[in-house]
Every structure is written in C-alpha cells, then in structure tokens.
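Undergrad: Could you have a look at this structure, given as structure tokens, before my questions?
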Amino acid sequence: MKPEAIQIDIKNLKKSFGPKEILHDISISFDKGEFIAIIGKSGSGKSTLLRLVASLEEITAGELLFDGVPATKSEANVKMMYQDSRLLPWKKVIDNVGLGLTGDWKAKAEEALNKVGLLPLKDEWPSTLSGGQKQRVALARALIHEPSLLMLDEPLSALDALTRIEMQNLIENIWEKNNFTALLVTHDVGEAVRLADRIILIEDGQIAYDEEVNAPRPRKLTNPALIELEEKILNRLMHGEEEPLQVSETNQGNSLKAVLSN
Amino acid sequence: MKLDFRPWVIPVVLVVIWEIIVRLEVISASLFPSPLTIVETGWNLLVNGDLMTHIGVSLWRALTGMLIGGVIGFVLGVLNGLSKKSYIYLDTTIQMIRNIPHLALIPLVIVWIGIGEDAKIFLVALGVLFPIYVNTFHGIRNVDPNLVEMGRMYNLKGWSLFKDVLLPGALPSIFVGLRYALGVMWLTLIIAETIPTNEGLGYLATNAREFMQTDVIILSIIIYALLGKLADLIAQFGENRALKWNASYTK
C-alpha cells in the first residue's frame, strides 16, 4: 500500500516548561503533502513546535490532530531527520538504514541508499563519512519507512554551502516523488524560500507570519521574486513588526499570497 | 600482523642485567637466584607436572570468581543504569559495600566460609564485581540521549533498543571496567591463595618461602605477571574486535 501524506491540524496549542510558556496558543493547519518551512530566531519556539508534532514532547494544552485523529492515537508514520545525523556509530551504513526494520529489509535498504546516491558506501562505518554523506544516510533511514510526515530539524545547517545546495535538491526531489507532508525547521530563510510551499515565522512562541510561496519548481536562486521574498522575510525577522512591510496583522491563518513568477 | 618487539626491550634488558649481577656475585645467589636458575626451576616443575596443576587451579579460581562477580556487576550496572527506581534502592548499598577493602574481609570469610575453594572464589568475585558494576552503570547512563531518542523514533524499544543502542554505546566503558577488574582479579587471587591451601600459585610461593626457595617464589611472581599480561591482551583483543567501529580503537 502506498503511504498517504497526512493533514495536520493544530488547535490552541500551548507548551510550557515549568512556569515558562514557550508556545502560546498556536492554531494552524498543514495540508496533505504540503512542504512547510518553519523559521524563527533561536529560542523562538520553532524547534519546540516540531518536537511537539513529533510527539517527542508532551502538549501542555490544546490539540494536535493527524487526519482528524489525535496524534497520540494516530497510526501515522512520522519520521525525523535531525541536525546531527544521529547514525549509530557501531552499525555499518546499511544497518543504520535498516534500523528498526524486521524481516528481509536488506534489499529495501539498498534501494533507499541508492535513492540518496550512497549505495557504494553501504558497508562503511559512519565515522568514515563526510557530514553531507551522513545526512544522506539519515535521509535514507527515514525514507525506508515510507513516512506520511517527514520532519526536518535544521538538517542542513551543519553542512557547507555546496553540499547544502545538493541536499536541498535531493530533498525536494524525493519529496516530489513520494507522498508525504514535510515540515522543515530552519534558520536559513533562503533555504525556506527555495524549498517550501509555505513559510511560517515563529516569534516569541507565536505565529507571526504565514506566507505561501507559489514559485514553480525546480526553483532557481536567481528568481527575482524569490530574492524579493527572501529579503522581505529577512527584514521581518530582523526588525519585527514595526517595519512598514505588509505582514499579517493577526497571528494566524492570514496568508499573504506572494505572486511570483519565474 | 607484524610483531612489535619494542614493548619487550626494557623487560629483556632488565633480566640480562640481573643475570650479570648474579654471575658477578655482587649479590647473594640464594636471595636473588639468577634468571637462568629460575628458568631451570620452572622447567623442572613443568616437566614433573606440578606447575601446570598449580596454574590450572589458580586459573580456575580466577576465572570462576571473575565470571560470577562480572555477571553480578554487569547485571546490577545495567539495571541501575536503566531504572531510576532500581538505582535509588540499590546504589547506596552497593557503594557502601564497595568502599570496604574486600581483602579486609578475609578473616571473616575464613570464619564464615572456611578456607576451601569457595572462600577464594568468593573474594575474587567480590573484588571484580565493583569495577564492572561502576563502569557498566556509567556506560549505560552516558549513552547519548539523542541516539536513544532517535532509536525510539525508529521503532526501537525494549530489547532491541538495549541491543542496538544502549549496550553498544556502553561497551567502551564496560571494557575499561573489565580490564581494571582483571587486575583486581589477580591481586585478590594472590592474597586469597595465602589462605592455607595445598594447590595453586599462591601455595607454590608460600610453600617455597618455608624452605627458602627464592627461585620458586620469584617464579610464581613471574607467572602471575605473565598471566596478568595474557589476560589483558585477551581483553584488549576482544575490545578491538568489539569496538572496531570506533576510530580511537583502530590502529
């Protein structure tokens, strides 16, 4: 059975650590198969939001629904790619890809490695790989489970510029060929503009900005509309709401459609 | 594998100097028998079968004690490393017992258990238990929590999480404990074998003392040293095999 991308509905979600509220009353929905980028300064709560959606943290108040079912009861297959690849150093590349699988998974693991272009390295130890290769293995490890939701927690931030572009292309490519909802947390606005259908800005635990990116794929970094959008978001990020830019007045759901063309 | 002779240069030079000093009669040959005399004594004991019997008995005591103490220490370490509850209940008690020098228990052990094999094995087991416990516990506790979180996300739980993430992550530390425990094992055995007995390397040395056979005393000390080195080599070999994924263990 082909895996299905899921719809995510977040309703009045709050998260506190002790007396400190990190996320205040967040409500937002992500469509099936949408590629969403969540950006924000460090400490804004963007990673916390991701970890809540991944059920790695408990929700303090509010609801998190996958296809209308509470996430805790949902059977949805959620996988995550982390900033550090988190490969098990004591397992060969192929065994890392097959982690958590039972039965005859070798052929599937080889196929997944092939998708990320690393089949020749299947019998290497992770410690011999470069940063970019490790992230490719981590991507293969996620893909083999055919997730309906793939979370990407700044997976490219530790890579050099060239490798990052390669990985962006690879992730976009794989997302287009497979059917999953993608949730990318990044502090790189350019990356968000390059990859996402929709960009959410989290500021002080609230959604400060929500915008769709309608540029055709594959996107070129030289696309003037994309450059303009990137600058606009960067401005918004750095100067806050006082900036005379057109931004959403309310916190949620007020998406400004950027009309973009190549 | 190419054999490296460099680590053996100093021991060999020392033995040669020793032989020369004895030959020159600088020191008394009855107090410091020459290396050749010791080799001769060793050969004679080997030929009449005594040496192998004694080594065999000592090895049996060492390994049985090691196995019992090691398994208990490992299980306690894993238990307390995984379960907070178990840690709260058990660790204080274990630490209190650990801080008693186990050799100080010899008089009590003789009274309670007697002077037989049990007493010696008990002392060895008690001695090796703690280094294995402490290092297993810390190994499990110090496994990168990020890897554990990743493992859970990738459907590992219970036994598979232990086997694929926790145990391999703790292994470097467990091996440190094992190698330390091997040292404790020999030390304990040497002392424990001075408890009256009529077999084992300790007996060989104690008995020789009665008759001023310094060559036999030194021979048994050398055998302890060799056995200790051998045990460490085996542990190191196991370590290199088990940890070959770790760049700091591959040469």
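All of the numbers you see were taken from the coordinates with simple rules; none came from a lab. If you're wondering where the values come from, they're calculated on a predicted model, not measured in any experiment. Cβ coordinates were reconstructed from backbone atoms using ideal geometry, including for glycine residues, and neighbour counts include every protein chain displayed.
Undergrad: I want to verify a result. In a Gaussian network model of chain B, Cα cutoff 10 Å, which of these has the top mean-square fluctuation: B:Ser83, B:Ser58, B:Ser173?
TA: In this elastic network of chain B, the residue with the biggest mean-square fluctuation among B:Ser83, B:Ser58, B:Ser173 is B:Ser83.
Undergrad: Taking 35 Å as R0, compute the FRET efficiency from the Cβ-Cβ separation of A:Lys73 and A:Ser127 and round it to 0.05. Write out the running numbers ahead of the final one.
TA: On the way: r = 40 Å, r/R0 = 1.13.
That pair, A:Lys73 with A:Ser127, gives E of 0.35.
Undergrad: Any chance you could count the Lys pairs in segment B:47-242 whose alpha carbons are under 23 Å apart, treating pairs 8 or more apart or on different chains as valid?
TA: Taking the Cα cut-off of 23 Å, the pair count is 5.
Undergrad: What list do you get for A:Asp123, B:Asp215 if you sort them by fewest beta carbons within 10 Å? Walk me through the intermediate numbers first.
TA: On the way: A:Asp123 9, B:Asp215 22.
Going from least to most buried by this count: A:Asp123, B:Asp215.
Undergrad: Determine, from the Cβ-Cβ distance of B:Val148 and B:Ile88 and an R0 of 22 Å, the FRET efficiency 1/(1 + (r/R0)^6), rounded to the nearest 0.05.
TA: 0.60
Undergrad: Then there's this: Say a paramagnetic label sat at a point 7 Å from the Cα of A:Leu234, along Cα to Cβ; which residues of segment A:172-203 have their backbone N under 19 Å from it?
TA: A:186-196, A:199-202
Undergrad: Further question: Which FRET efficiency value, to the nearest 0.05, do you get for B:Leu108 and A:Glu58 by plugging their Cβ-Cβ distance into 1/(1 + (r/R0)^6) with R0 = 56 Å?
TA: FRET efficiency, B:Leu108 to A:Glu58: 0.60.
Undergrad: With a 10 Å Cβ neighbour count serving as the proxy for reagent exposure, in which order, fewest first, do B:Phe130, B:Phe5, B:Phe137 appear?
TA: Neighbour counts put them in this order, fewest first: B:Phe5, B:Phe130, B:Phe137.
Undergrad: At q = 0.11, 0.13 Å⁻¹, what log₁₀ I(q)/I(0) does a Debye calculation on the Cα points of the protein assembly as shown give, no solvent, two decimals?
TA: Reported log10 I(q)/I(0), two decimals: -0.98, -1.21.
Undergrad: What is the order of A:Lys92, B:Lys163, fewest Cβ neighbours within 10 Å to most? If you can, show how the numbers build up before the last one.
TA: Details: A:Lys92 17, B:Lys163 11.
By the 10 Å Cβ count, ascending, the order reads B:Lys163, A:Lys92.
Undergrad: Can you list the DSSP H helices in chain A whose Cα atoms extend at least 15 Å along the helix axis and whose mean Kyte-Doolittle hydropathy is 0.0 or higher?
TA: A:224-239
Undergrad: Please work out how much length the chain gains when fully extended from B:Ala225 to B:Glu19, using 0.36 nm per residue of separation minus the C-alpha to C-alpha distance, in nm with one decimal.
TA: The B:Ala225-B:Glu19 span can extend by a further 72.3 nm.
Undergrad: Still on this model: Over the whole of A:83-93, what's the average partner chain Cβ count within 10 Å per residue? Rounded to a whole number, please.
TA: Taking all residues of A:83-93 together, the mean is 5.
Undergrad: Students often forget the sequence filter, so: which aspartates and glutamates lie under 19 Å Cα-Cα from A:Lys15 once same-chain residues fewer than 8 apart are removed?
TA: The reachable aspartates and glutamates, counting only those whose Cα sits under 19 Å from A:Lys15, are A:Asp25, A:Glu57, A:Glu58, A:Glu63, A:Asp153, A:Glu203, A:Asp204.
Undergrad: Let me ask another. Take peptides A:47-56, A:172-181 and line them up by average Cβ neighbours within 10 Å, highest first, as a rough protection proxy. It would help to have the intermediate numbers written out before the result.
TA: Details: A:47-56: 19.9, A:172-181: 17.5.
Taking the mean over residues of other Cβ atoms within 10 Å, the ranking is A:47-56, A:172-181.
Undergrad: If the limit is 21 Å between Cα atoms, which of A:Lys92/A:Lys177; A:Lys134/B:Lys244; B:Lys2/B:Lys244; A:Lys14/A:Lys79; A:Lys41/A:Lys220 go over it?
TA: Check vs 21 Å cut-off fails for A:Lys92/A:Lys177; A:Lys14/A:Lys79; A:Lys41/A:Lys220.
Undergrad: Once you put a point 7 Å from the Cα of B:Val12 and another 7 Å from the Cα of B:Asp232, both along the Cβ direction, what distance in nm separates them?
TA: Placing both labels 7 Å beyond Cα along the Cβ direction yields 1.9 nm.
Undergrad: For chain B, modelled as a GNM with alpha-carbon contacts under 10 angstrom, which of B:Val16, B:Val109, B:Val26 fluctuates the most?
TA: Taking springs between Cα atoms under 10 Å, the residue moving most is B:Val26.
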